[in-house]
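What follows is a short report on a single structure.
The values are calculated or read from the model by the stated rules, or taken from the named source; none is laboratory data. Worth saying up front: this structure is predicted, and the values here are computed from it rather than measured. Note that each Cβ is placed from the backbone with ideal geometry, even for glycine, and that neighbours are counted across all protein chains shown. Accessible surface is based on the protein model in full, side chains and every heavy atom, while ligands, DNA and RNA are left aside. Shrake-Rupley method; radii C 1.70, N 1.55, O 1.52, S 1.80 Å.
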Amino acid sequence: MNQPQKKIAIFINSLAGGGAERVTSYLLPYLVNKGHAVVLVLTEEELAYPVPKEVPIHYLDRSGKNESGVAKLLKLPWLAYRYAQFLRNENITHSFSLLTRPCYINIMARWFTSHPYKLMVSERNFPSMQYGGDHLQARINYFLVKRLYPKADLVVSNAKASAQDLVDNFGVAKERTRTIYNPIDIDKIQQMEAIQDFFDPNYVNAVSIGRLVPEKNHTFLLDAVLPFNHLRLYIFGEGELRKSLEEKIQGLGLENRIFLMGFESNPFQYLKAADFFLFGSLNEGFPNVLMEAMCCGLPIVSTNCKSGPDEMMELKEAKTDDIMFTDYGILTPVNDVACMQKALEYVLEHPEFLQACKPNLLQRIQDFRREPILEAYHQLITS
């Protein structure tokens, strides 16, 4: 007897630039090529990545980036009701959501339908850090994650530390958690050429990639690089803090050493030509940008934020008061400007350390090769 056909909904806010969005852009064609019917569900219209022609797009909402947090919260039950209708009408058998708000809606949809579907959510952050603040929005998100995530059939994290945090602090049963690292298209990236004559060889040139939002902590990076006159930093990404960062760059007199480059769909050409990758995030799930730097053979100087960097860089012993050396670069305590400056001073004075990291990076990145990881997602989603 033939098995009932699977119909998969992949639900995310948008396909704007970001780590979860890039994973989605890889996953869609992979599932199609495996012969599955797939629908992409969005709540915003931005599409920075291509969508296969075989994948219809269903807009559950068309909200803008500037919609208030209050409005987003109040709309959750309504969007869950609409998503429940969509699941039933489209006969969706497997629903996989990425990023917090789609995950809330995915779980809440069960309030409004008896339609059977496998309900999977993907947590991309370290929840205790991401939702652990004292402000109202953090407390609401902490409450919602704790109340909703245990009701999902499966919670997929992209780092072991994140999955354990959900078990320890949010009531998610361990047997309902899985860890799948983010995939990276190694072959495609390694075929790309470095951009020529972009960086000034009279400087040491660092690249950072990340949305211009508070948790990426770009203001920390500005303070950290301030004393180093022969270091230039190129920041790729867009976001709500652009204006304030521009003002701080001007206030510090760094207009000729720090450059906000905007979103770049092909950052690899810059990564391959730079001297090292600089990252200052407060918290992460499993940052794609570190993998991309690794794939380009670019040594890393990063905060040891929860979670991801220590797993990716195979840190042997964490410290809270000093820099930490690995085979792939240096980690520093989170938000510690003095330690980050110590790390920067070391790599500037020891270029041989950066050179020694490069072959290690190219070997380590093989553990995140795209196809085996996409197959792991495929097996998990469709099982």
**Prompt:** For the range 300-350, what are the residues that are open to solvent by 70 Å² or more (accessible area, probe 1.4 Å), in contact (Cβ under 8 Å) with a residue 24 or more places away in the chain and not basic (K, R)?
**Reply:** E314, D327, N335, E345
**Prompt:** Say we look at the range 289-310 and pick out the residues that are in a loop (DSSP other than H, G, I, E, B) and small (G, A, S); which of these is modelled with the highest pLDDT?
**Reply:** G297
**Prompt:** For the range 34-86, how many residues are among the acidic types (D, E), surrounded by 14 or more Cβ atoms within 10 Å (Cβ to Cβ) and under 20 Å from M108 (Cβ atoms)?
**Reply:** 2
**Hits in the range 321-350 - residues which are under 19 Å from R232 (Cβ atoms) and either in a helix (DSSP H, G or I) or among the aromatic types (F, W, Y) (or both)** = V337, M340, Q341, A343, L344, E345, Y346, V347, L348, E349
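Residue by residue, here is whether (1) touching a residue at least 40 places away in the same chain (Cβ under 8 Å); (2) more than 21 Å from the chain's Cα centre (by Cα); (3) more than 22 Å from V23 (Cα to Cα) holds:
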| site | (1), (2), (3) |
| --- | --- |
| F86 | yes, yes, yes |
| M129 | yes, no, yes |
| L154 | yes, no, no |
| K188 | no, no, no |
**Complete:** Taking the range 351-370 and keeping only residues that are among the charged types (D, E, K, R), touching a residue at least 12 places away in the same chain (Cβ under 8 Å) and outside any strand (DSSP E or B), one is left with K358, R364, D367, R370
**Residues of the range 152-168 satisfying the condition of being crowded, with 24+ Cβ neighbours inside 10 Å, in a loop (DSSP other than H, G, I, E, B) and not small (G, A, S)** = N158
**Complete:** Here, helices (runs of 4 or more DSSP H) confined to the range 11-93 with at least 2 residues that are closer than 21 Å to I189 by Cα are 19-33
